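Everything below concerns the one structure shown next.
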Amino acid sequence: MEQKNIVATLYLKDGKAVKSRSDLTEIENVFDLCRIYNDSGIDKIFIFDLSDDDEEHENNIQTIQKLNRNLEVKVCAGGNINRIEDIKKLLYAGCVQVLLNASKPSSIGLAKEASAKFGKDRIMASLDNVDFLFKHKELLDEMFHEFLIMDKDIIDAVENLTTVPYVVYLKEFQYEEIVELLKREKIRGISGPYINDIHMDVMKLKSALSSEGIKMDNFAPNLHWEDLKLNSDGMVPVIVQDYRTDEVLMLAYMNKEAFDTTINIGKMTYWSRSRNELWTKGLTSGHVQYVKSLSADCDFDTILAKVSQVGVACHTGEKSCFFREIVKKEYVDKNPQKIFDEVYQTIQNRKKEPKEGSYTNLLLSKGEDGILRKLGEEFTEVVISAKSQPQEKLKYEMADLFYHLMVLMAEKGLTWEDITSELAQR
């Protein structure tokens, strides 16, 4: 059986997340909302652009691009697609697929051109009825990767007319119906307003569906509790790290119940020794830890958890529990990531709070054109050094180039996360 997907739906108006097509009330911050979807177990996000004009359309595409830079979950976008250029822009913005509206007469022509140019695996279509399928039955398998069925009552008709798989939109959460549908061969997943709710426990739903024999993308551990060596209290210590930065956040303990709960719901759950109770991190504070990976050490007596931390890890309000310095020997930190982050942060600080005599402020005061001229000079010096100078000289010139690139990044509002996220997609 093919893996089934849990799909969230996001409606975008003026670069903001709104309730639905008909209700344009703004809800959560769109970036915070997508981060929750990204971490909570959602497999895919359908984003619908509700723009009324070209300017808003471009603004929404820019928002989608920014979202894709920071998401690991797949994104498919649709809405206000009228020409092949719209499809290209969404694909270049990082979307894995583009969703066409089958009720628009232009959609079949766009689908034919886009599938030929970008591949049919990049093209989807939403269906409210089966008229589109009847009219273009012979072309469907050649042009579409998947359909989004907006009316569950047409599922049987769709399956009789095409072999193209589909995701179905269900208005209400009825568990028995979801199980029955997901056991169909051609269905790829479900979507609906209940899935969009940030309080929906997606991993718990996936765990339940897995127990029904439905293949889901959830945690299937290679090691089990019985494989671990317990301490004298019958527990295992857990070291928790931020999955992006590797910063150590905290130390806690698990018993079997906490371990099994963590696996089932995808949120770090511990056993509180002081309260003698199960404790899912963030249930009261909102500072949830979404599981990215769990690993055992060589002796099987300690767990390393890499998590996406919402808010802070420490009850004191500090990001990490390890903030009380005992001793420290001065050293030069040569970790590339830290060095780039620190230099960039210094540039940002100079931009916010200028310092007299600062070269960075002098450069920033010259504006974009001045920065670009200087950057051009640095590129030239790197090329000359690479061709005719010793390695020491090239190293010096390349360091200058990186510094001036970071000044340009600060000037244009880009961060290292923007750059690395873009590289990660290539």
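Some points to look at:
- When only the Cβ of Lys, Arg, Asp and Glu is charged (+1, +1, -1, -1), the dipole of the chain relative to its Cα centre reaches about 660 debye.
- Each helix, a run of at least 4 DSSP H residues, gives -39500 (n - 2.57); summed and divided by the residues of the chain, these come to -12000 deg cm²/dmol at 222 nm.
- Rounded to two decimals, the Cα radius of gyration of segment 131-249 over 2.2 N^0.38 Å is 1.53.
- The simple spin-label model puts a point 7 Å past each Cα toward its Cβ; for Ser320 and Asp153 those points are separated by 5.8 nm.
- Share of carbon and sulfur in the accessible area of the chain stands at 50%, probe radius 1.4 Å.
- Of Lys66/Lys104; Lys352/Lys374; Lys183/Lys281, those spanning more than 23 Å from alpha-carbon to alpha-carbon: Lys66/Lys104; Lys183/Lys281
- Projecting the Cα positions of Gly266, Thr245, Leu228 onto the charge dipole of segment 195-270 (unit charges on Cβ atoms of Lys, Arg, Asp and Glu, taken about the Cα centre) puts Gly266 furthest along the positive direction.
- Residues considered: Ile84, Ile190, Ile36. Largest GNM mean-square fluctuation over the chain, using C-alpha springs under 10 Å, is found at Ile84.
- Semi-axes of the equivalent ellipsoid of the chain are 41, 35, 19 Å, computed as sqrt(5λ) over the eigenvalues of the C-alpha gyration tensor in descending order.
- Loop GluC sites (Glu not before Pro), segment 31-127, which have at most 15 other Cβ atoms in a 10 Å radius of their Cβ (DSSP): Glu72
- Counting only cysteine Cβ atoms and a cutoff under 4.7 Å, the chain contains unmatched residues Cys34, Cys76, Cys95, Cys298.
- Modelled label reach - Ile84, point 7 Å along Cα→Cβ, segment 99-119 residues with backbone N closer than 20 Å: 99-102, 104-119
- Simple label model, 7 Å out from Cα along Cβ direction - Leu230 to Lys16, nm: 5.3
- Trypsin sites (Lys or Arg not before Pro) restricted to DSSP loop in segment 48-136 with at most 12 other C-beta within 10 Å: Arg83
- Stokes-Einstein translational diffusion, segment 1-95 - Kirkwood Rh over all Cα pairs, 0.890 mPa s, 25 °C, in µm²/s: 182
- Between Asp297 and Asn70, the FRET efficiency from the beta-carbon distance, with R0 = 25 Å, is close to 0.20.
- Length released on extending from Ser211 to Leu251, taking residue separation times 0.36 nm less the Cα-Cα span: 11.2 nm
- Angstrom value of the Kirkwood radius, inverse mean 1/r, which spans all Cα pairs in segment 207-342: 16.5
- Estimated FRET transfer efficiency when R0 is 45 angstrom, pair Val96-Lys329 (beta carbons, to 0.05): 0.40
- More than 27 Å apart - percent of Cα-Cα pairs taken over segment 78-206: 22
- The trypsin sites (Lys or Arg not before Pro) of segment 340-417 meeting both criteria, a DSSP state outside H, G, I, E and B (loop) and at most 15 other C-beta atoms within 10 angstrom of the site's C-beta, are Lys355, Lys366.
- Å² of accessible area per residue within the chain, as computed with a 1.4 Å probe and no ligands counted: 54
- Evaluating 6.51 cos²θ - 1.76 cosθ + 1.60 at θ = phi - 60° for every residue in segment 166-171, the Karplus couplings come out as 8, 10, 10, 8, 10, 5 Hz, glycine and proline recorded as x.
The values are calculated or read from the model by the stated rules, or taken from the named source; none is laboratory data. Note that the coordinates shown come from a computational prediction; the quantities given were computed from them, not determined experimentally. We place every Cβ from the backbone using ideal geometry, glycine too, and count neighbours over all the protein chains shown. Surface areas here come from the heavy atoms of the whole protein model, side chains and all, with no ligands, DNA or RNA. Shrake-Rupley method; radii C 1.70, N 1.55, O 1.52, S 1.80 Å.
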